[in-house]
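**Q** This is the structure I have questions about; it appears just below.
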Amino acid sequence: MIWIIVTIIAIVIFLLYQYSVIVPSVKGLPVLLYHKVSESVCNDMTVSISQLEEQFNFISSQSYSPVTAEELTAHVYKNVPLPEKPILITFDDGYVNNLEFAFPLLKKYDLKATVFLPTQYIGNASNWDENAAAVMSAQQINSTDREIIEYALHSHSHFNYKNASAVEIKIDLKKNLQAMNDAGIIYSPVFAYPYGGRPKDPSALATMKSMMKEMNILLAFRIGNRINKFPITDFYEIKRISISGEDSFRTFKTKLKKGRLKQLS
């Protein structure tokens, strides 16, 4: 009988830990990762307007201080202080629905965000997801209020760097930078890996990071689903927390305060 009770207690403690009930909040920098925003659709890559408003309202109510990637760059390279409770909100792929639905909410709650652009698709539509969606045009990008939305790099052709060669990555990065400059886009020299993918081979990974440094790409963001603790030691492995339309509000709050635990990654 005793072993049954002990086993039950152990299982309960394990589940409480796994679902972060007894895990303390983590102090550091949460970097949230969004993709699409919709009037009503909620799925792995899409949050609804109502979900986003609830989340932004909560961020604001908890006294988080929104920062940009540019401000984070100044902090890690020049030791410029960040505000108390910093948060970085990011959107990948530059969908038009970000402007339509996220921008007004950012403005309403006095927040700001960084949008990572895959330059080959500017003014066209995505072809990497099941439900293709319009990507912002250069005109839309260049007319955005930069106090609210900052733009940054997300590759040129939106391919996964995980199995790419150093040559392929270098060509893509050059095209990404050139396309941003040709379109006259003001951007921060920071990068988000498409699909969160980086070369698996340690040597290839180190080569990629060296290339980025040579090209003056100062930070790079992966997924990782953890809150970044200070000081940040690897500027090319900054972790982001994926926010899904399938998350409950409780799950969102857990991610915001504690990051994702292993079984949720």
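**Q** Could you tell me what percent of the DSSP beta bridges with both partners in the stretch 62-156 are antiparallel, to the nearest 5?
**A** Roughly 15 percent of the DSSP beta bridges within the stretch 62-156 come out antiparallel.
**Q** Next question, about the same structure. I need to check one value: relative contact order of the chain, counting alpha carbon pairs closer than 8 Å and at least 6 residues apart, in percent. Each step should come with its number before you reach the end.
**A** Values: 476 pairs, mean separation 60.3, N = 265.
That works out to 23 percent.
**Q** Pull up the DSSP beta bridges for the chain and report the antiparallel fraction as a percent, rounded to 5.
**A** If we restrict to bridges inside the chain, about 15 percent are antiparallel.
**Q** Less than 22 Å apart at the alpha-carbon level, and either on another chain or at least 8 residues along: which lysines does that give for K36?
**A** Filter leaves K107, K108, K112, K239, K253, K255.
**Q** With the dipole of the chain worked out from charges on the C-beta (+1 for Lys and Arg, -1 for Asp and Glu) around the Cα centre, which of S242, I185, F230 lies farthest toward the positive end?
**A** In the chain, that residue is F230.
**Q** Is the stretch 114-186 best put as rounded, prolate or oblate by its Cα gyration tensor, with a ≥ b ≥ c the root eigenvalues, rounded for a/c under 1.5, and otherwise prolate when a/b is larger than b/c, oblate when not?
**A** oblate
**Q** Helix-only mean residue ellipticity at 222 nm, the chain, DSSP H runs n ≥ 4 weighted -39,500 (n - 2.57), per residue, nearest 500. What is it?
**A** After summing the helix terms and dividing by residue count, I get -10500 deg cm²/dmol.
**Q** Here's another thing I want to ask about it. What is the P(r) of the stretch 28-264, as percent of Cα-Cα pairs per 5 Å bin from 0?
**A** Bins of 5 Å from zero give 1, 6, 15, 20, 21, 19, 12, 5, 1, 0 percent of pairs.
**Q** How big is the Kirkwood radius of the stretch 168-227, worked out from every pair of different alpha carbons and given in Å to one decimal? Display every interim value, and only then the final one.
**A** Working: mean 1/r = 0.0800 Å⁻¹.
Every distinct Cα pair counted, the radius reaches 12.5 Å.
**Q** So if I place +1 on the C-beta of Lys and Arg and -1 on the C-beta of Asp and Glu, and nothing else carries charge, what would the dipole magnitude of the stretch 28-264 be about its Cα centre? I want it in debye, nearest 20.
**A** 960 debye
**Q** Which aspartates and glutamates have a Cα less than 16 Å from the Cα of K258, not counting those fewer than 8 places away in the same chain?
**A** Once the sequence-local aspartates and glutamates are set aside, what remains near K258 is D247.
**Q** Net charge around N131, counting only other residues with Cβ within less than 12 Å of its Cβ (Lys, Arg = +1; Asp, Glu = -1)?
**A** Net local charge, N131 excluded: -2.
Readers should treat all values here as calculations from the given coordinates under stated rules, not as data from a laboratory. All of these numbers come straight from a predicted model, not from anything done at the bench. Note that each Cβ is placed from the backbone with ideal geometry, even for glycine, and that neighbours are counted across all protein chains shown.
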